[in-house]
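J.: So that we are looking at the same thing, I have put the structure below in structure tokens.
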Amino acid sequence: MENYNRLSDANIITAKYMDSILIESRYIDSVKANTETELFGDKFSMPVMTPAFSHLGNYNGREKTGLEEYSEAAKELNILNFCGMMENDLFKKIADTGAKTVRIVKPYADNGKVKDQMQYAESVGAFGIGMDIDHIFGENGYDVVMGEDMTFQTEDMLRSYVELTKLPFIVKGVLSVADAKKCAEIGAKAIIISHHHGRVPYAVPPMMVLPEIKDVLEGTGVKIIVDCGIASGADVFKAIALGADAAAVGRSMLPSLESEGKDGVKKFITGVGNELRYIMSSTGFETVSDIDSSVLYEL
Ligand SMILES: Cc1cc2nc3c(=O)[nH]c(=O)nc-3n(C[C@H](O)[C@H](O)[C@H](O)COP(=O)(O)O)c2cc1C
């Protein structure tokens, strides 16, 4: 229909929602903050993570793939690293960078492949494993990604992955209280609240659903990570203030990765961390675990 221009892009809706959250300041008695963070028993320099990306080529003819380059940056920054769909040989290269890496495996129709990729990840030193449950369906039924069929995932299937590994199991693509409760029931150690850069039209912004999910997970020990549209320290701060333990940047780091590889990602994420520390200091929160929503306003 001509001039029928409804907004359905969840990326735009999410950005607008995040921009509607405002921050007050509290200077008196405040000191310079510290962004160090503990997750799954390990210490990281900040609650900022790399995204679970896949299919990045070799930028500007450089020898290593973008995936290896950003993993090296994660190692040097001491932040938690993520990666997405790939075969075992590429995962090995990522593991060999020494970055603490969570491998997000696809919900392949071939369940043997799911289990093989998870076990392989553990055998070569992955920090954690997980699955992006928001890549199950496509408009024609079950999704097909790079020629590979995906399929449904039941609670029992997810529980079998938890039981398969000693590593933390992380469910990516949770965007409801209903799924969050099931993740706690199957023994997931963390969830990533995400709409996977807007796979579903009108997907609710992760930060909008976050407080309800935080409430329902209270006391379960399940950690909460947020992604989608995270591009600054202010975005990370808002996510944590609303109840997240950490946030992952996404396509926001791609220009730096493409132009300058590892060093570009290091510069970009250091900037995100510096802005986070600046906002923490300016709001009176000395440590990440101190941050709460009492400093937030909505437009
Ligand atoms: C090039 C590219 C590849 C991606 N591959 C995967 C993947 O294999 N597995 C996965 O869970 N998410 C994948 N994602 C989604 C990201 O992990 C993340 O959820 C999303 O990019 C967040 O939104 P943002 O880019 O707007 O921040 C991919 C995203 C991009 C841009």
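J.: So between Gln153 and Val31, what do we pick up on full extension, going 0.36 nm a residue minus the alpha carbon distance? Walk me through the numbers on the way to the answer.
T.: Details: separation 122, 0.36 × 122 = 43.92 nm, distance 4.72 nm.
Working it through step by step, the gained length comes to 39.2 nm.
J.: Suppose we keep just the DSSP beta bridges with both residues in the chain; what percent of those would be antiparallel, to 5?
T.: Details: 11 of 36 bridges.
Here the antiparallel bridges make up roughly 30 percent for the chain.
J.: Then there's this: Give the order of Phe82, Phe152 when sorted by the count of other beta carbons within 10 angstrom, beginning with the fewest.
T.: Details: Phe82 28, Phe152 11.
Lowest to highest Cβ neighbour count: Phe152, Phe82.
J.: Pull out the extension gain between Gln119 and Glu298, defined as 0.36 nm times the separation in residues minus the alpha carbon to alpha carbon distance; nm, one decimal. Mind showing how you got there, number by number?
T.: Details: separation 179, 0.36 × 179 = 64.44 nm, distance 4.46 nm.
Result: 60.0 nm gained on full extension.
J.: For a Förster distance of 22 Å, can you work out the FRET efficiency between the beta-carbons of Met146 and Asp263, rounded to the nearest 0.05? The partial results should precede the final answer.
T.: Working: r = 29 Å, r/R0 = 1.34.
Efficiency for this residue pair is about 0.15.
J.: Okay, next question. Kyte-Doolittle mean at least -1.0 and Cα extent at least 20 Å along the axis: which DSSP H helices of the chain qualify? Walk me through the numbers on the way to the answer.
T.: Details: long enough: 254-283 (34 Å, -0.31).
Membrane-span-like by this criterion, though nothing is claimed about a membrane: 254-283.
J.: Picking from Gly141, Val124, Met18, whose Cα lies most toward the positive end of the charge dipole for region 1-142 (charges on Cβ: Lys, Arg +1; Asp, Glu -1)?
T.: Val124
J.: Shifting gears a bit: Which of His195, Thr37, Thr154 sits closest to the plus end of the dipole of the chain, meaning its Cα is farthest towards the positive end, when Lys and Arg get +1 and Asp and Glu get -1 on the C-beta?
T.: My answer, from the dipole projection, is Thr37.
J.: Starting from 0.36 nm per residue, how many nanometres of slack lie between His197 and Thr220 once their C-alpha separation is accounted for?
T.: 5.5 nm
J.: Can you say what percent of the DSSP beta bridges in region 24-145, counting only those with both residues inside, are antiparallel? Round to 5. Mind dumping the intermediate values first?
T.: Numbers: 5 of 13 bridges.
Taking every DSSP beta bridge within region 24-145, about 40 percent pair in antiparallel fashion.
J.: While we're looking at this one, here's another question. Return the inverse of the average 1/r over all pairs of distinct C-alpha atoms in region 39-112, which is the Kirkwood hydrodynamic radius, in Å to one decimal. Mind dumping the intermediate values first?
T.: Numbers: mean 1/r = 0.0773 Å⁻¹.
Taking every pair of different Cα atoms in region 39-112, averaging 1/r and inverting gives 12.9 Å.
J.: While we're looking at this one, here's another question. Cα centroids of region 14-93 and region 122-173: how far apart, whole angstrom?
T.: Taking the Cα centre of each part, region 14-93 and region 122-173 sit 21 Å apart.
J.: Give me Arg103, Arg251 ranked fewest to most by other Cβ atoms within 10 Å of their Cβ, as a rough exposure proxy. Kindly include the intermediate steps, with their values, before the conclusion.
T.: Numbers: Arg103 29, Arg251 15.
Ordered by Cβ neighbours within 10 Å, fewest first: Arg251, Arg103.
J.: Tell me what the chain gives for mean residue ellipticity at 222 nm when only DSSP H runs of n ≥ 4 count, each as -39,500 (n - 2.57), the sum divided by the residue total, rounded to 500 deg cm²/dmol. It would help to have the intermediate numbers written out before the result.
T.: On the way: 9 runs with 115 residues, N = 299.
Dividing the helical sum by the residues of the chain leaves -12000 deg cm²/dmol.
J.: Provide the packing ranking of 264-274, 68-78, i.e. peptides ordered by the mean count of other C-beta atoms within 10 Å per residue, highest first. Intermediate values should be presented prior to the final figure.
T.: Values: 264-274: 18.7, 68-78: 22.6.
Top of the packing list down: 68-78, 264-274.
J.: Still on this structure, please answer the following. In the calculated pair distance distribution of region 204-295, what percentage of Cα-Cα distances lie above 19 Å? Mind dumping the intermediate values first?
T.: Values: 1814 of 4186 pairs.
Percent of Cα pairs beyond 19 Å in region 204-295: 43.
J.: Right, next: If you project the alpha carbons of the chain onto their three principal axes, what span does each projection cover, largest first, in Å?
T.: The Cα atoms of the chain stretch 58, 47, 46 Å along the principal axes, largest first.
J.: Something else about it: How would you order 48-61, 24-37 from highest to lowest mean count of nearby Cβ atoms within 10 Å? Don't skip to the end; give the middle numbers.
T.: Numbers: 48-61: 18.1, 24-37: 12.8.
Packing order, densest peptide first, comes out as 48-61, 24-37.
J.: Sort 178-190, 218-230 by packing, meaning the average of other beta carbons within 10 Å per residue, with the highest value first. The partial results should precede the final answer.
T.: Working: 178-190: 18.1, 218-230: 20.5.
The peptides rank, most packed first, as 218-230, 178-190.
Each value in this text was obtained by applying a stated rule to the coordinates, not by laboratory testing. Remember, it's a predicted structure, so these values are computed and weren't measured experimentally. Counting neighbours? That spans all protein chains shown, and the Cβs are built from the backbone with ideal geometry, glycine included.
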